Amino acid sequence: MGGASINLERLRLGKLKIVRRRLLQRYEHQPFISLLAGLYSCRWKRYQRQKTEPGQWCCKKVENVFFLLLIATFCLSLVFLYFWGEAQNDYNDFDWFIYGNVGSWILWSILILIASVFLFTYVAILVVLAVCLLSEGQQLHLHWSHKVGTLVVLVVSIAALVALSKLWSPEWNTILLSFQITAAYLHIGAIAVMVVLSWPVALYFVRMNKTVSQVLIITPFLITLVFLYLIPLGMYSPCILEEGTLPPKPSLIAHRGSPQLAPENTQMSFEKAVELGADGLETDVTISFDGVPFLMHDRTLKRTTDVQDVYPDLAEVNAATLSWDKLSRLNAGSWFLKNKPFSNVASLTPEDRKRALNQSIYKLSDFLELAHWNNKSVVFDLYRPPDGHPYSDSWTGQIVKVILNETSIDPRLVCWLTNDVTLDVQSMSPEFQKTLGGKAPVKKLVANRVVKLNLPYNEMSSDDIRTYAAANISTNLYVVSEPWLFSLAWCSGAYSVTTNDVLALKRMDRPLFLMTPAEYRVMWILTDSVSALLIALIFLLHWWRERGLSCCPENNGLLEELDMSLSEEGYGRSQPTSPAVQCDTKSLGCAETK
């Protein structure tokens with residue numbers, strides 16, 4: 001009997017310790033909920049908060065609308081952030097476009113990136129707070145300041161996406177290309193988000209006492225989940241390859257030299273490219289009024305020379321209308337240090353800065369001599385002079401004359417770039433490599449002896465690249481500077497790429513995100529299986545908790561009574577007199593005493 005009494009006493013004390021521990025955990029949990037509600041609703045006091053009772057929705061109709069608006073804003077700001085993050089390959093083009101229209105130079109692309117990160121982070125924090133509050137069974141009351149902030153982010157995101165779609169619509173092709181690299185990993189992230197969301201979804205699904213309400217909660221969740229589970233069936237990535245089938249690494253053609261380390265289209269720029277190990281050099285060629293071919297990308301000299309200081313009246317005129325004597329007097333490097341078109345310009349050594357300040361416009365003949373001595377292939381982008389120019393009808397002949405008579409370069413290293421598939425380059429020099437700046441049927445290309453295609457990277461297609469390669473027509477993609485984009489070109493089988501960043505791409509020894517089909521299947525199946533198991537367990541846990549299927553049902557009355565004394569609605573108010581609770585040590589039950 002004595003032993004039985006001791007055991008019963010220990011059991012009673014153990015149960016009281018469990019109740020005490022639950023009470024302590026509840027009090028310790030209150031600061032966390034207060035922090036969530038304070039940040040989301042500015043309701044820092046417990047009596048200001050409202051719990052969601054079984055059968056109720058998470059919030060009132062107005063708050064429900066703002067919660068849906070918050071989710072929509074989150075999605076749009078995420079799209080904008082992803083768009084701008086993947087557009088990083090073309091930031092320099094965007095900055096110069098803005099410069100041409102605004103007239104002042106600044107790294108607009110970086111400012112937009114910072115702004116997009118800030119806006120997305122703000123909305124993402126609100127979404128996380130809302131999900132945490134829902135997981136705690138709290139009603140949502142978004143503070144008016146956050147409502148205003150959400151609307152601001154929504155308007156900015158919509159306006160930015162509309163503006164980019166109108167002014168920079170080809171960049172959406174870049175986003176589609178990026179999915180070929182990132183989709184497998186975005187899939188894992190989306191599944192992880194669905195697992196987290198299953199906690200509040202399961203909680204409210206179990207608490208609802210109407211079938212219609214349960215269907216409204218569970219249907220969108222399940223549809224989204226099934227879609228995410230099956231979406232890998234439609235995924236395609238050139239970088240999912242069998243072992244031993246990876247194409248050779250593309251050759252690197254330096255775009256206007258090395259424009260991140262030196263002023264573009266200058267002697268310094270091309271010498272830097274050679275030092276970095278570029279396989280070829282790309283440039284832009286026009287012709288002076290007196291017939292001297294020189295390197296210049298823009299129609300005018302305003303962006304890349306000091307023409308406004310030397311010849312203010314000639315700043316807006318076509319560069320080809322100036323004589324070589326005037327062109328040779330211009331400085332083609334000071335703008336580089338002044339504007340800093342790339343972020344790494346600030347890291348140049350004092351010697352490189354001094355050298356950049358002394359750059360002048362580069363003659364085509366000097367450029368070709370540099371390529372000859374370093375055995376580098378060259379790609380020309382030729383610009384026709386304006387009407388009325390002395391060489392407006394004979395400019396190609398004049399350029400060929402300079403190449404063949406004034407330089408020592410091997411003609412086989414010259415890729416003559418043209419947009420006219422029927423242009424007879426071989427009549428000018430049989431050894432020039434005829435390069436077409438666009439796609440065309442293979443039969444037409446072969447008939448016109450085109451040996452290379454120079455295509456913008458957003459027209460990349462592994463099927464087209466393989467088709468052209470089978471006809472001995474190589475493909476060069478421009479301008480590819482980001483490692484992920486270079487990885488895609490590598491896996492797609494591109495022969496070469498024109499790039500602004502020879503150094504970074506030269507260091508890559510394998511494509512990013514490269515995996516075998518077997519590895520991809522394991523990753524996909526494992527992700528879906530683990531997430532399905534976790535979501536099922538979460539729903540079972542909530543069903544078990546909300547249906548009252550505890551292991552010690554005799555304590556339910558006591559715990560409910562204690563919970564009522566701690567409820568948020570009663571906090572700070574005068575508590576009603578409760579009947580005393582007397583526990584029978586034999587039955588461990590509880591009875592009320594007056």
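The values are calculated or read from the model by the stated rules, or taken from the named source; none is laboratory data. Quick caveat, the model's predicted, so the values are computed rather than measured. Here Cβ is always computed from backbone atoms with ideal geometry, including for glycine, and neighbour counts include all displayed protein chains. Side chains included, ligands, DNA and RNA excluded: accessible areas come from the protein's heavy atoms. Shrake-Rupley method; radii C 1.70, N 1.55, O 1.52, S 1.80 Å.
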Subject >> Whole-number percent relative contact order across segment 290-445, with pairs defined as alpha carbons under 8 Å at least 6 apart >> reply: 20
**OP:** Calculate how many DSSP beta bridges within segment 271-385 are antiparallel, expressed in % of all such bridges and rounded to the nearest 5.
**Re:** 45
Subject >> Label point distance in nm, Glu351-Ala440, each placed 7 Å from Cα along Cα→Cβ >> reply: 4.7
**OP:** Scan (1) 34.2; (2) 39.2; (3) 26.2 for the value of mean projected area of the Cα convex hull in nm² calculated from this model and give just the label.
**Re:** (2)
Original post:
Using the alpha-carbon centroid of each, what span in Å lies between segment 211-282 and segment 340-415?
Top reply: 30
**OP:** Measure out, as a whole number of angstrom, how far apart the alpha-carbon centroids of segment 425-497 and segment 115-170 sit.
**Re:** 43
**OP:** Take each of the peptides 140-151, 158-169, average the number of other beta-carbon atoms within 10 Å over its residues, and list them starting from the highest.
**Re:** 140-151, 158-169
Subject >> Solvent-accessible area per residue, Å², over the chain with all protein chains present [probe radius 1.4 Å] >> reply: 51
Original post:
When only C-alpha pairs under 8 Å and at least 6 residues apart count, what is the relative contact order of segment 383-461, in percent?
Top reply: 21
**OP:** May I ask you to derive the relative contact order of the chain, considering only C-alpha pairs under 8 Å and at least 6 residues apart, and to give it as an integer percent?
**Re:** 15
Original post:
What percentage of the solvent-accessible surface of the chain, computed with a 1.4 Å probe over protein heavy atoms, is contributed by carbon and sulfur atoms?
Top reply: 61
Subject >> Net charge over other residues, Cβ less than 9 angstrom from the Cβ of Ala262 (K, R count +1; D, E count -1) >> reply: -1
Original post:
Out of the DSSP beta bridges found with both residues in the chain, what percent are antiparallel (nearest 5)?
Top reply: 25
**OP:** Report the longest stretch of the chain that contains none of the GluC sites (Glu not before Pro) sitting in a DSSP loop with at most 10 other Cβ atoms within 10 Å.
**Re:** 244-594
**OP:** Report the calculated FRET efficiency for Leu176 and Ala518 (r = Cβ-Cβ distance, R0 = 25 Å), to the nearest 0.05.
**Re:** 0.45
